[in-house]
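**Student:** Below is the structure I would like to discuss, written out as structure tokens.
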Amino acid sequence: MQDPLVIGNTSLSSRLFIGTGKYSRNTLIPEVVARSGSQVITVALRRVDPGADEENIVSHIPDHMTLLPNTSGARTAEEAVRIARLARAGGLGNWVKIEVINDQKYLLPDNLETIKATEILAAEGFVVLPYMSPDLSAALRLRDAGAAAVMPLGSPIGSNRGLRTKELLRILIEEVKLPIIVDAGIGRPSEAAEAMEMGAAAVLLNTAIATARDPLGMAEAFREAVSAGRKAYLAGLGPVEEAAVASSPLTGFLGN
Amino acid sequence: MSFYESLTRLEQLPFESIWKEATAADVQRALAKDWLTEMDLLVLLSPAAGPYLEAMAQKAQRLTRAHFGHAMQLFTPMYLADFCVNHCTYCSFSSIYDFPRSKLTLEEVRREAAAIAATGLRHILILTGESRRDNPVAYVKACVEVLREYFSSVSIEINPLSAPEYKELLEAGVDGLTLYQEVYHQATYRELHVKGPKRNYRNRLDAPERGCQAGFRSVNIGALLGMYDWRQEAFLTAMDARYLQDKYPDCEISLSPPRFRPYLGDFSPESDVTDRALVQIILAYRLFLPRSGITLSTREPAALRDHLLHLGITKMSAGVSTEVGGHTSGGGTPQFEISDSRTVSEITEMLYAQGLQPVFKDWDMLGLERV
């Protein structure tokens, strides 16, 4: 069954987006890509060093991947815009994940600055994927500002705490007519599956794979979980009842 | 309001009885919490936490890997000048020592920069002795102009400046500030800083905050461990860090736990900080401030550094020289003796062998300015 995720002009068959940070060595990245089946990979521009050979993170990313440079380190919209422009000028393509964080304690995104950066970059032709706190008004403004998708957090970055924002994610999925990509906080494949069952268009995760005892095995586990979650969503989950509903009713003999 | 007001209150705490009365149950409670209070920090630094170092280490490592992954940021210091007007009893650069002082010319700065950049490092920390006359802000600024051609991040460790001066350096391309209070205990501070502007405790204590106000992206603080009771010094350092983190959430606050090292003179501190104490300090820092950077210098011996890397450390120096021009010419007077003299490539190999990834570049403020 064809079930592509279309973002910008790109059609993706995988709904698992991955990251490049926190690995014990960059040489793991190509195999993580292969085992995860992912087609989109985010990379912090602040880590990119074109002058370095082995240590240049981008040189470890397979050519077929869509690069999603992120603006990690930006504290304001202005900084995020500068980083995005630098990434495009540096040949990293025109996708960008807006990440504006001015809270170093919890690393929560600043939605207001994110909206401002999205407006500017979308107008400049970037495919903008903003990372955000799951707030409906902000998500609608991001949509109106030209975001190609919105990426609400499941729980704080790196926490592996799962879908703590589930109710808010559900509202975004129902109300924002854009792909919702759950980003940050997913620690287990079952949580990725749950996000997909809810109707998320994709999930983005890094820590859960990069800090697993066996990152390659975990990459594969997430591939299967995302796929299973998506299939369940498309198949339509059965209704949830408050009380037990017997398959063979006891009063069926009464007829109508 | 500055940290000084909090310090005035904190100094009144009955440290002796707190250390004495802390129990194993207090330590277990602190270990079970996600967000630690001031009292939890005291408990983790107390003798009662001694038997719990392994449990603290396991949690510290989990937190570090979750927040920082397997990455270890590398940098190296570059000494620009050793002129100093202070007399500090523990430092080779003290004005009382008679040795040929030097200051790098801009051409020499360029040579040093090229030599360091050739090792792959992109983060540099520049240092001077404390002398506004010999190493004025204008000189540091001129050096930064050269260094920004070679490095993506330039931090400073120089005498305390005013907020406008910090702003001037920020605009010149400096993005990080390191400034050690050396000693938080005020009476000891006055004893150890015999002469010179460094005797002004308050000016030094408030300088990291001025750096935050000026807009530096990262500010690194620390106490020189060994000068006074290490538990109290570590406690006040961590409280200072949390004060800054709470008040300036957009600035990355880091801590360093440097231990006293041999230098030109013969002063030896009263408080001996054992390896076990150092480990307890690092672990308490990590549990109290889960997202803060913790820097480990080459003051510690190689074998110990290799073990400490797994306890919460996120940044380390490599390929270090503590003398002016030490990366090219050498022959100067080191500020203190280092213990780990491994090269950048040796440190890189060691990190990979330990399952950690050396990160040479983790910021690019200079690149931002080009757009």
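Just so it is clear, none of the values below were taken in a lab; they were calculated from the coordinates. What you see is a predicted model; the values in this text were computed from it and never measured. With ideal geometry, Cβ positions are generated from the backbone for all residues, glycine too; neighbour counts draw on all protein chains shown.
**Student:** Which order, highest average first, do A:225-234, B:195-204 follow once you tally other Cβ atoms within 10 Å for each residue and take the mean per peptide?
**Tutor:** My ranking of the peptides, most packed first, is A:225-234, B:195-204.
**Student:** Peptide B:67-74: average number of partner chain Cβ atoms within 10 Å per residue?
**Tutor:** Counting other chains' Cβ atoms within 10 Å and averaging over B:67-74 gives 5.
**Student:** Here is a follow-up. Starting at the first residue of the stretch B:355-361, write each ³J(HN,Hα) from the Karplus equation 6.51 cos²θ - 1.76 cosθ + 1.60 with θ = phi - 60°, in whole Hz, x for Gly and Pro.
**Tutor:** x, 10, 9, x, 10, 8, 9
**Student:** In whole Hz, what ³J(HN,Hα) sequence does the stretch B:84-98 give by Karplus (6.51, -1.76, 1.60; θ = phi - 60°), x for Gly and Pro?
**Tutor:** Listing the rounded values in order: 8, 9, 9, 10, 10, 6, 10, 10, 5, 7, 3, 5, 7, 8, 9 Hz.
**Student:** List, in order, the whole-Hz ³J(HN,Hα) value for each residue of the stretch B:249-259 obtained from phi through the Karplus relation with A = 6.51, B = -1.76, C = 1.60 and θ = phi - 60°; use x for Gly and Pro.
**Tutor:** These are the phi-based 3J(HN,Hα) values: x, 8, 9, 7, 9, 10, 10, 10, x, x, 9 Hz.
**Student:** Could I ask something else about it? Taking neighbour Cβ counts within 10 Å as the exposure measure, how do B:E168, A:E175 sort from fewest upward?
**Tutor:** The fewest-first ordering by Cβ neighbours comes to A:E175, B:E168.
**Student:** Looking at B:Y90, B:S297, B:A214, which one has the Cα that reaches farthest to the positive end of the dipole of the stretch B:51-370 (charges on Cβ: Lys, Arg +1; Asp, Glu -1)?
**Tutor:** Positive-end residue among those listed: B:A214.
**Student:** Turning to a different aspect of this structure: How do A:I18, B:I18 line up, fewest other C-beta atoms within 10 Å first?
**Tutor:** The fewest-first ordering by Cβ neighbours comes to B:I18, A:I18.
**Student:** Kindly provide the GluC sites (Glu not before Pro) of the stretch A:1-108 that DSSP labels as loop, not H, G, I, E or B, and whose Cβ sees at most 15 other Cβ atoms within 10 Å.
**Tutor:** Counting only loop positions with at most 15 other Cβ atoms within 10 Å, the GluC sites (Glu not before Pro) in the stretch A:1-108 are A:E54.
**Student:** Name the long-range amide H neighbours of A:D183: under 5 Å, sequence gap of 5 or more, or other chain; modelled H, no Pro or chain starts.
**Tutor:** Here A:L153, A:G154, A:L204 satisfy the definition.
**Student:** Per DSSP H run of at least 4 residues, take -39500 (n - 2.57); add these up for the protein assembly as shown, divide by its residues and hand me the 222 nm value, nearest 500 deg cm²/dmol.
**Tutor:** Taking each H run of at least 4 residues, the total per residue is -11500 deg cm²/dmol.
**Student:** Another one. For a quick protection proxy, order the peptides B:136-145, B:154-163, B:226-235 by their average other-Cβ count within 10 Å, most packed first.
**Tutor:** B:226-235, B:154-163, B:136-145
**Student:** How crowded by other chains is A:98-111, given as the mean number of beta carbons from other chains within 10 Å of each beta carbon?
**Tutor:** For this peptide, the per-residue mean of nearby foreign Cβ atoms is 3.
**Student:** Please rank B:D82, B:D364, fewest neighbouring Cβ atoms within 10 Å first, as an exposure proxy.
**Tutor:** By the 10 Å Cβ count, ascending, the order reads B:D364, B:D82.
**Student:** Roughly how many Å is it from the Cα centre of the stretch B:303-329 to that of the stretch B:1-25, as a whole number?
**Tutor:** 32 Å
**Student:** In peptide B:280-292, what is the residue-averaged number of other protein chain Cβ atoms found within 10 Å of each Cβ?
**Tutor:** That average works out to 1.
**Student:** At a Förster radius of 45 Å, what calculated FRET efficiency corresponds to the Cβ-Cβ distance of A:L254 and A:D3, to the nearest 0.05?
**Tutor:** Taking R0 as 45 Å, the efficiency between A:L254 and A:D3 is 0.55.
**Student:** Another question about this same structure. Can you tell which of B:M78, B:A32, A:T76 lies farthest toward the positive end of the dipole of the protein assembly as shown, using +1 and -1 charges on the Cβ of basic and acidic side chains (Lys, Arg; Asp, Glu)?
**Tutor:** In the protein assembly as shown, that residue is A:T76.
**Student:** Based on DSSP, what percent of beta bridges with both residues in the stretch B:51-370 are antiparallel, to the nearest 5?
**Tutor:** Around 10 percent of the beta bridges assigned by DSSP in the stretch B:51-370 are antiparallel ones.
**Student:** Still on this model: Restricting to the protein assembly as shown, compute how many DSSP beta bridges are antiparallel as a %, nearest 5.
**Tutor:** 10 percent
**Student:** Taking the stretch B:16-107, which trypsin sites (Lys or Arg not before Pro) meet the DSSP loop condition and have no more than 13 other C-beta atoms within 10 Å?
**Tutor:** Listed in order of number, the matching sites are B:K33.
**Student:** Another one. Write out the trypsin sites (Lys or Arg not before Pro) in the stretch A:81-182 meeting two conditions: DSSP loop, and at most 13 other Cβ atoms within 10 Å of their Cβ.
**Tutor:** Those satisfying the criteria are A:K177.
**Student:** Given Cβ point charges of +1 (Lys, Arg) and -1 (Asp, Glu) and nothing else, what value in debye, to the nearest 20, does the dipole of the protein assembly as shown about its Cα centre take?
**Tutor:** 360 debye
**Student:** How large is log10 of I(q)/I(0) for the stretch A:168-242 at q = 0.16, 0.20, 0.21 Å⁻¹ when the intensity is taken from the Debye formula with one equal scatterer per alpha-carbon?
**Tutor:** -0.58, -0.83, -0.90
**Student:** Roughly what % of DSSP beta bridges within the stretch A:5-252 run antiparallel, to the nearest 5?
**Tutor:** 15 percent
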